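Bear in mind that the values in this text are calculations on the coordinates, not laboratory data. Bear in mind the structure is a predicted one, so any value in this text is a computation, not a measurement. Cβ atoms come from the backbone with ideal geometry, glycine included; neighbour counts cover every protein chain shown.
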Amino acid sequence: MSAKPGKAAAKSTAPIVHVVKLCVGADSVEDLAAWQEWQVKEARKRKLARTLPVCGTRAWPKRADDVLAGGSLYWVIKGAILVRQRILAIDDVVDEHGQRCGLYLDPRLVRTAPAPKRAFQGWRYLEPGDAPADLDAARAGGAELPDDLRAELMALGAW
């Protein structure tokens, strides 16, 4: 099924699939949060119809219904999946690269158990069974650890 502009999440019987993407330019979850806060302020200032954080990408997901059935965007920051955001809608977005596919995101950032991920171009589908657990569910108290300490523990094989 091909993605149609303006599609918003709705209750569906479609299987859920997630998206994973590199968070280029961010060194931490806090960097991502600050960038998205700026995005939302700019959207409000420009009186855009959607004032949610948005991730622009060249390719439209062919499995849009599966993504909108409850999928999240899992962000790779400095070589590891560290955080996710629920994808609320898929629609056109105009950014510094022109008109592209926009993944409109829930503003809530949910930290995940760190999962190493090599660099890749664009985005990839991520099956639910391969997605890292939310940090609260995976490790009690782990959300308070600084990103660099989590990365070091992961590199040592202790996470």
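A few notes on this one:
- When peptides 119-132, 102-115, 21-34 are sorted by average Cβ neighbour count within 10 Å, with the highest value leading, the order is 102-115, 21-34, 119-132.
- Other residues within the sphere of radius under 12 Å centred on the Cβ of Val54, judged by their own Cβ, net out at -3 (K and R +1, D and E -1).
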